[in-house]
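The values are calculated or read from the model by the stated rules, or taken from the named source; none is laboratory data. Bear in mind that the values here come from a model prediction, so they are computed numbers and not experimental data. Quick reminder, even Gly has a Cβ in these numbers, built from the backbone with ideal geometry, and neighbours come from all protein chains shown.
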Ligand SMILES: [Zn+2]
């Protein structure tokens with residue numbers, strides 16, 4: 001195995017749903033305790049002097065309209081703000097195949113997609129016969145990914161794997177059968193890009209899952225696994241929490257509220 005290298009790491013916000021509430025983000029919440037709890041949508045980028053690796057692809061305009069989410073900027077535009085040309089990216093890690101993580105796949109025509117075998121099995125297998133299980137997936141996204149398989153553009157992983165020196169993926173399942181999180185080695189050590197292993201800080205802090213569930217047991221266990229891989233709770237970056245942009249600095253003032261620099265120490 002070659003020497004690990006140090007990466008810069010960014011979260012780029014491209015979408016939002018301000019009217020979301022606590023009951024839609026926290027499993028089993030008493031309806032009396034409901035209150036606003038906006039959700040944000042991010043993709044992530046790890047950048048070294050030699051390479052750029054993008055984590056997830058977001059969603060596009062058609063999906064935003066269909067599902068009533070706010071698309072603030074195309075994922076390609078979001079990446080452009082930090083100098084990344086999505087059309088030239090060669091490696092995209094797909095944490096899972098939910099519509100808001102794979103719906104921007106067309107922005108990455110040159111990419112190879114790093115995906116867990118179990119996630120493709122889930123998205124094309126018997127569980128998809130049921131609308132409760134399939135509603136977080138969009139059939140066109142999945143068929144496009146099947147095409148990518150035949151075109152040699154999918155790298156399947158089964159469990160833990162190294163994508164590049166200093167970047168590894170880790171299968172946990174739970175929220176989706178083949179959900180994986182990503183670890184990136186930065187100047188402050190390994191940062192855990194949790195994606196939907198914990199949507200919000202509150203999910204992991206209170207051990208209360210987000211209410212889209214394949215396996216509740218694996219989802220709860222996955223919080224322990226995130227903590228095992230992180231030196232401190234501040235090394236875990238949730239997938240959808242607006243607080244990420246409050247806690248981390250922007251790379252420059254122009255990108256305040258759009259991009260968070262995750263290799264810097266967070267304020268909380
Ligand atoms: Zn998801």
Review point. Going by the conditions given, is residue 144 touching a residue at least 24 places away in the same chain (Cβ under 8 Å), surrounded by fewer than 22 Cβ atoms within 10 Å (Cβ to Cβ), away from the ligand (no atom under 15 Å from the Cβ) and in a loop (DSSP other than H, G, I, E, B)?
Key: no
Review point. Residue 158 versus (1) away from the ligand (no atom under 15 Å from the Cβ); (2) touching a strand residue (DSSP E or B) at 6+ places or on another chain (Cβ under 6 Å); (3) under 21 Å from residue 120 (Cα atoms); (4) touching a residue at least 40 places away in the same chain (Cβ under 8 Å): which is the lone unmet condition?
Key: (2)
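Condition check ((1) within 15 Å of the ligand (Cβ to nearest atom); (2) farther than 24 Å from residue 15 by Cα) across all residues:
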| position | (1), (2) |
| --- | --- |
| 97 | yes, no |
| 100 | yes, no |
| 117 | no, yes |
| 122 | yes, yes |
| 134 | yes, no |
| 138 | yes, no |
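Would region 261-268 turn up any residue that is in a strand (DSSP E or B), at pLDDT 95 or above and either buried (at least 19 other Cβ atoms within 10 Å of the Cβ) or away from the ligand (no atom under 16 Å from the Cβ) (or both)?
Yes - at least one qualifying residue is present in region 261-268.
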Revision key, fill the gap. Taking region 191-219 and keeping residues assigned to a helix (DSSP H, G or I), under 13 Å from residue 172 (Cβ atoms) and more than 16 Å from the ligand (Cβ to nearest atom) leaves 217
Exercise for review: Under 6 Å between Cβ atoms, at least 6 apart or on separate chains: pull out the pairs that start in region 77-100 with a residue that is closer than 17 Å to residue 184 by Cβ and touching a residue at least 60 places away in the same chain (Cβ under 8 Å) and end on any residue that is within 16 Å of the ligand (Cβ to nearest atom) and in a helix (DSSP H, G or I).
Suggested key: 95/101
Revision key, fill the gap. Expected single match for in a loop (DSSP other than H, G, I, E, B), away from the ligand (no atom under 16 Å from the Cβ) and either modelled with pLDDT of 95 or more or loosely packed, with under 14 Cβ neighbours inside 10 Å (or both) among 152, 173, 178 is 152
Review point. Do any residues in region 202-224 that are farther than 20 Å from residue 30 by Cβ and in contact (Cβ under 8 Å) with a residue 40 or more places away in the chain have Cβ atoms under 8 Å from those of residues that are in a helix (DSSP H, G or I) and within 14 Å of the ligand (Cβ to nearest atom), where the two are at least six apart or on different chains, and which pairs are they?
Key: 214/122; 214/133
